[in-house]
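> I have a structure I would like to understand better, so I am pasting it below and will then ask my questions one at a time.
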Amino acid sequence: YGISERSTDEVVGVPMLRMLNLQDGGWDLSDIKYIAMDDRERRPYLLRPGDILFNRTNSKELVGKCNVFDLQGEYVFASYLMRVCLKQDGGIRPEYVVAYLGSSLGRLQIDAISRQIAGMTNVNAEELRDLLVPIPPMHIQDRICKRVAEIRQRAGGLRAQAQAELETAKKSIESLILGAAVA
């Protein structure tokens, strides 16, 4: 589990990843927080490339959202996230685990183990450890990871295109409204 200490907008200490920063297929660093910690305090929470961050508490739809840590520099993580470390040379890619947990098969398991407490859905470390993840041969994992990356890249392009079209539509509507007000 991550850090439950209060973070700040002030750029002091180390950046701390939170639920808000965890996005499908990437990291949103537009609203990053920081926490002042000495080396001894931060060491247990420092993320390493290949660590998986798993959203353990949130709405039913967002619990289980996860991503592989692949950022440059030192980062720590907040308490509503869990770090999953896979065994080195365990024959499983972290990107594959994230893809599986985000699939309908993974979601079925996450939904089955999650429970509602005070309006929030939760999964604990023991329940997460008990999830069954099929492990295909490495070349199949590589193919799956490549396909997911291609789809996410295409989806990102479509999102950007949709956002640009939405902005154009807003400007068109505003000009119609202002033009109608003048007439």
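> Residues to consider are Y45, Y1; find the one that is closer than 11 Å to S79 by Cβ, at pLDDT below 95 and aromatic (F, W, Y). Please lay out each step first, then the result.
Details: Y45 fails: at pLDDT below 95.
It is Y1.
> So, one more: Restricting attention to segment 1-31, which residues are open to solvent by less than 30 Å² (accessible area, probe 1.4 Å) and among the aliphatic types (A, V, I, L, M)?
Taking segment 1-31 as the starting set, the residues that turn out to be open to solvent by less than 30 Å² (accessible area, probe 1.4 Å) are 2-3, 14-17, 21-22, 26.
If the condition is that a residue be open to solvent by less than 30 Å² (accessible area, probe 1.4 Å) and among the aliphatic types (A, V, I, L, M), then I3, V14, M16, L17, L22 are the ones that fit.
> Report yes if some residue within segment 35-52 is touching a helix residue (DSSP H, G or I) at 6+ places or on another chain (Cβ under 8 Å), closer than 19 Å to I113 by Cβ and free of Cβ contacts under 8 Å to residues at least 60 places away in the same chain; otherwise report no.
yes
> Name the residue that is nearest to V63 (Cα to Cα), counting only residues in segment 88-133 that are open to solvent by less than 70 Å² (accessible area, probe 1.4 Å) and over 20 Å from the mean Cα position of the chain (by Cα).
Applying the filter and picking the extreme gives G119.
> Mind checking which residues of segment 3-27 are outside any strand (DSSP E or B) and without any contact (Cβ under 8 Å) to a residue 40 or more places away in the chain?
Restricting attention to segment 3-27, the residues satisfying the condition of being outside any strand (DSSP E or B) are 4-7, 9-13, 18-21, 24-25.
Once the filter is applied, which keeps residues that are outside any strand (DSSP E or B) and without any contact (Cβ under 8 Å) to a residue 40 or more places away in the chain, segment 3-27 yields E5, R6, D9, E10, V11, V12, G13, L20, N21.
> Let me ask another. Residues of segment 1-28 being aliphatic (A, V, I, L, M) and closer than 28 Å to R129 by Cα, which ones? Step through it out loud before you land on a result.
Start the filter on segment 1-28 by keeping residues that are aliphatic (A, V, I, L, M), which leaves 3, 11-12, 14, 16-17, 19-20, 22.
Of everything in segment 1-28, those that are aliphatic (A, V, I, L, M) and closer than 28 Å to R129 by Cα turn out to be I3, M16, L17, M19, L20, L22.
The values are calculated or read from the model by the stated rules, or taken from the named source; none is laboratory data. Keep in mind that this is a model prediction, so the values were computed, not measured. Glycine gets a Cβ as well: all are built from the backbone with ideal geometry, and neighbour counts include every protein chain shown. Only protein heavy atoms, including side chains, enter the accessible area calculation; ligands, DNA and RNA are left aside. Shrake-Rupley method; radii C 1.70, N 1.55, O 1.52, S 1.80 Å.
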